[in-house]
Structure formats: structure tokens, C-alpha cells
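Worksheet: the structure to be examined is printed underneath.
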Amino acid sequence: MTKKELRYDELHISLSEIYEQMGYGEVVPDEATVRETEKILAEVKDFLKPRFCFFVQRELPDFSIGQIIERQLRGSEAYALFICTAGTEYEEYLKRLKEDGDMVRVFIADALGSVIAEKTADCMEKTLQENIEKLGWHHTNRFSPGYCGWHVSQQQLLFPLFNGETCGVSLTESSLMMPIKSVSGIIGLGTEVRHLDYTCGLCDFKDCFRRRKKA
């Protein structure tokens, strides 16, 4: 099991990525929103503790991942199972903002939390690739329950494989991860697999952050 806690500056988050997640595309929002975003970033940097964990196994777990992901994992010699999270500290921060009732700040912080979780997953992928370099292996894209035909209920099969070492992330009965700003899933590894550009035409999930980013 590989586990790591990150610092904010290791995520390399740009303001443009936050604005894209908020739905502005390449357009810079109004001055008030920019100021509020920068203020939230300043607050977050002091306490943020994003984390990831992953392990590698040779056999594909008995998941019902669907044809899209099956094709992408074809040729894998092993599989990495991962969990990444913005952390319980960020979850508590979002909760306080909601209790304060400032929905503008809630909206910005919610978008930022999604970016933090995805950036943490990017750092996990980088660490994973460093670990498999010596084998001459590459890795596929990461795939998560809830996307590309892999039902979110399969989280209930994924999480027990970590034997309780889940970076503080737990599941509700409806398979929602808590903290909610978390990412989990599978990555294929091997000499013949490739990391591809995300092709939104393969997936019908309309609210995916990558689809919104392309739009």
C-alpha cells in the first residue's frame, strides 16, 4: 500500500482551473468573484491535507465495470486500486460555509474542492508511474465507479479491498464517499497499455468535470 499526504502547493492549482469548474470556461468571472476565490484559497492553504492511497495487484477484481472500461483496461498486466481525497479538513470547511449561509462562498469552495480531489488524483498517478517505471510499464487513464457504465454501487466491492486503509474516506449506504470531495477507482498497468486523451463521446455522464471543461 502506498499512502501520501500532500501540501496545497504540491497540487499546482491554477485560478483558471477553478473558474472552469465553476462553469466560466475560459472567461474570467467578475471582480467580486475573483476576490472571493482568492480569499478562499488563502484560507484553505493553511489547513488543507489532501491524501491518496493505492495498491497494485495482478488480478482484476470481480467488478462489473462495463464494456467501455473493459476495452480501456485490455492488455493490462496488473491493476492499481486507488482512493484520493481533499480530506476531512476540507469537508469540515465546506460544512462551516454552508452553516454560515453564504452561498457564493459555498459555490466557489465546492468547485475548488472538486479541483483539489482531481489534482490529488493527478499526483497519485504521477507517484504510481514513478513506482512502475522500473518495470517498463505504462498506465491507463483512471476509471471510477459512477462513470463510463461502472455503477456507483460497485464502491461497495472496491472499498473492502483496502482493508480499512482508505485515507479516512468512508461509504454511505448509497455508496456516496465521505468526504464527498474524493475520487476512487482503478487504473490498468502494463507494457502494452496507454494513457489516452479523455474522449467524452465514449461516456454518457453529463455532469463530468472533464465534459464541462471541454465545453
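See the values below:
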{"read-out": "Within the range 22-52, tally of residues that are at positive phi and touching a strand residue (DSSP E or B) at 6+ places or on another chain (Cβ under 7 Å)", "value": "0"}
{"read-out": "Residue in the range 168-177 that is modelled with pLDDT of 95 or more, charged (D, E, K, R) and over 30 Å from GLU31 (Cβ atoms) present", "value": "no"}
{"read-out": "When residues of the range 100-124 are limited to those that are open to solvent by 40 Å² or more (accessible area, probe 1.4 Å) and at pLDDT 95 or above, the one nearest to the chain's Cα centre (by Cα)", "value": "ASP122"}
{"read-out": "Among (1) touching an Asp or Glu at 6+ places or on another chain (Cβ under 8 Å); (2) farther than 30 Å from MET1 by Cβ; (3) assigned to a loop (DSSP other than H, G, I, E, B), the one test that VAL28 misses", "value": "(1)"}
{"read-out": "Residues of the range 41-89 satisfying the condition of being in contact with a Phe, Trp or Tyr (Cβ under 8 Å, 6 or more places away or on another chain), part of a helix (DSSP H, G or I) and under 15 Å from PRO179 (Cβ atoms)", "value": "VAL44, GLU89"}
{"read-out": "Lone unmet requirement of (1) on the phi < 0 side of the Ramachandran plot; (2) in contact with an Asp or Glu (Cβ under 6 Å, 6 or more places away or on another chain) for GLY75", "value": "(1)"}
{"read-out": "Index of the failed condition, GLY164 passing every other in (1) in a loop (DSSP other than H, G, I, E, B); (2) touching a residue at least 12 places away in the same chain (Cβ under 8 Å)", "value": "(2)"}
{"read-out": "Pairs with Cβ under 8 Å, 6+ apart, first in the range 27-55 and touching a residue at least 60 places away in the same chain (Cβ under 8 Å) and under 28 Å from THR166 (Cα atoms), second surrounded by 18 or more Cβ atoms within 10 Å (Cβ to Cβ) and among the basic types (Lys, Arg)", "value": "ILE40/ARG105; PRO50/LYS119"}
{"read-out": "GLU20, sole failed condition from (1) surrounded by 18 or more Cβ atoms within 10 Å (Cβ to Cβ); (2) charged (D, E, K, R); (3) part of a strand (DSSP E or B)", "value": "(3)"}
{"read-out": "Of all residues in the range 157-186 being loosely packed, with under 14 Cβ neighbours inside 10 Å and not hydrophobic (A, V, I, L, M, F, W, C), the one that is nearest to the chain's Cα centre (by Cα)", "value": "SER170"}
{"read-out": "Any chance SER14 is among the small types (Gly, Ala, Ser) and surrounded by fewer than 12 Cβ atoms within 10 Å (Cβ to Cβ)", "value": "yes"}
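The values are calculated or read from the model by the stated rules, or taken from the named source; none is laboratory data. Predicted model, so just to flag it, every value in this text is computed and none were measured. Reconstructed Cβ throughout: ideal geometry from the backbone, glycine too, with neighbour counts over all protein chains shown. Note: accessible area is taken over every heavy atom of the protein model, side chains too, but ligands, DNA and RNA are not part of it. Shrake-Rupley method; radii C 1.70, N 1.55, O 1.52, S 1.80 Å.
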